[in-house]
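The values are calculated or read from the model by the stated rules, or taken from the named source; none is laboratory data. Computed from a predicted model, the values in this text were never measured in an experiment. When we count neighbours, we look across all protein chains shown, and the Cβ atoms used for this are built from the backbone with ideal geometry, even at glycine. These area figures cover heavy atoms from the full protein model, side chains too; ligands, DNA and RNA do not enter into them. Shrake-Rupley method; radii C 1.70, N 1.55, O 1.52, S 1.80 Å.
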Amino acid sequence: SVSVTLQASAWNSNAQTVSVTGVLADETAQLITPVPALASQSAYYEAGVLCTGQAAGQLTFSCTTVPSADLTVYIVIQSLA
């Protein structure tokens, strides 16, 4: 797993893309599970944050309302057979 920060100032049209080492472009090769850190959990869920896109080394997150604080998210990456 790796940790990423969704910066409050980085949302653009309710979306932002972050670099995540180890993420592959092929969605069928990995199970990607984003989990908000405990301190970010309330704001994450209240803002309706979802992981909505995957590319080589990147994940895109979308939200229904832009959070006012930075959010820490743990990304669990599991290989699929």
Residues located in the range 16-52, provided they are of a type outside the set (V, I, T), touching a Phe, Trp or Tyr at 6+ places or on another chain (Cβ under 8 Å) and open to solvent by less than 30 Å² (accessible area, probe 1.4 Å): Q16, P36, A37
Of the conditions (1) under 10 Å from the mean Cα position of the chain (by Cα); (2) in a loop (DSSP other than H, G, I, E, B), V66 clears all except one; give me its number. (1)
Single residue of the range 58-77 satisfying the filter (free of Cβ contacts under 8 Å to residues at least 60 places away in the same chain and surrounded by 13 or more Cβ atoms within 10 Å (Cβ to Cβ)) that is farthest from S1 (Cα to Cα): V66
Whichever residue in the range 1-15 is closer than 12 Å to V49 by Cα and in a strand (DSSP E or B) and, among such residues, is least open to solvent (accessible area, probe 1.4 Å): L6
